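Below you'll find the structure, written out as structure tokens, and then a few comments.
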Amino acid sequence: KKLKGLGRLLPGVERPLAQLAVIVEGRDILLRQGEGLVEPGGQMRFDFQAARAVEGPNETGSGAQPVLPLPEGRGDERESPTLSELCRVAEALEESGDLTGAAEMYRAAMAAGGPAPEICFQLAELLYRMGDTGGARERYYMAIELDEDYVEARANLGCLLAEQGQYELAVAAFQGALAYHPDYADVHYHLASLLDQLGRREEAEGHWEAFLRVAPDSPWSHRARTRLSRPDS
């Protein structure tokens, strides 16, 4: 929405990310225009960072808000920001605690360069932390569709589906992860626990045994041995 707002300020601009000098400040997406900044609603904002740069690099206060510039240029020569550049902005926003802004920037990255499995996964993780489990679920699915070997996405999808009470779908997600990575200890553990919950104890035992085989020193190994009635080694 913010990118569309910037586009409306200049009707001849079809792709704000590619054609405008766009920067991110906190949760805001701004347009650099001359020596100032313009908000999506059209309000001007003074660019204190640019002013400090003119005064000298040593005069920047320690409490200044970070401004993360995207690639700039002039007219048609301006290059589109790369996926890695946009993702760095998203990571900085996430580190600052702005999960909503980080999620918006990951979406902007995919709008600029197309969906990528790692970006879908990172967005899913963010959405889950924000409480949007439905959105997280869809992004995990998308990551797997783009890269069927993305076992972390399959594993996290399985955990999310189990939380949502979609137990058979969760079992399928865990089994899919093990099909690509048979020694994934965490998946064996979660699948064994889920199968026990579903009353499929014989199937569960195979995964408890596999878990102990690949992760005998895990903090969870005591539970596995207790389940299999084996003394601790």
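At a glance:
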read-out: Given (1) farther than 21 Å from LEU157 by Cα; (2) surrounded by fewer than 19 Cβ atoms within 10 Å (Cβ to Cβ), number of the condition ALA224 does not satisfy; value: (2)
read-out: Which listed residue is farther than 24 Å from ARG223 by Cα and either part of a loop (DSSP other than H, G, I, E, B) or in contact (Cβ under 8 Å) with a residue 24 or more places away in the chain (or both), from GLU148, GLU152; value: GLU148
read-out: From the options GLY158, GLY176, residue that is under 22 Å from the mean Cα position of the chain (by Cα), closer than 30 Å to ARG227 by Cα, of a type outside the set (Lys, Arg) and crowded, with 20+ Cβ neighbours inside 10 Å; value: GLY158
read-out: Of all residues making up segment 133-147, the number that are out of contact with any Asp or Glu (no Cβ under 8 Å at 6 or more places or on another chain) and surrounded by fewer than 17 Cβ atoms within 10 Å (Cβ to Cβ); value: 6
read-out: Where a residue in segment 128-141 is among the hydrophobic types (A, V, I, L, M, F, W, C) and its partner, wherever it lies, is assigned to a loop (DSSP other than H, G, I, E, B), with Cβ under 9 Å and at least six apart; value: ALA136/MET130
read-out: Selected residue (only one of ALA116, ALA102, ALA112 is in contact with a Pro (Cβ under 7 Å, 6 or more places away or on another chain) and of a type in the set (A, V, I, L, M)); value: ALA112
read-out: Segment 200-220: number of residues that are in a helix (DSSP H, G or I), among the small types (Gly, Ala, Ser) and surrounded by fewer than 18 Cβ atoms within 10 Å (Cβ to Cβ); value: 1
read-out: Residues (part of a helix (DSSP H, G or I) and without any contact (Cβ under 8 Å) to a residue 40 or more places away in the chain) located in segment 102-119; value: ALA102, ALA103, TYR106, ARG107, ALA109, MET110, GLY113, PRO117, GLU118, ILE119
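Rule-based calculations on the coordinates, nothing more; no lab input. Bear in mind the structure is a predicted one, so any value in this text is a computation, not a measurement. Counting neighbours? That spans all protein chains shown, and the Cβs are built from the backbone with ideal geometry, glycine included.
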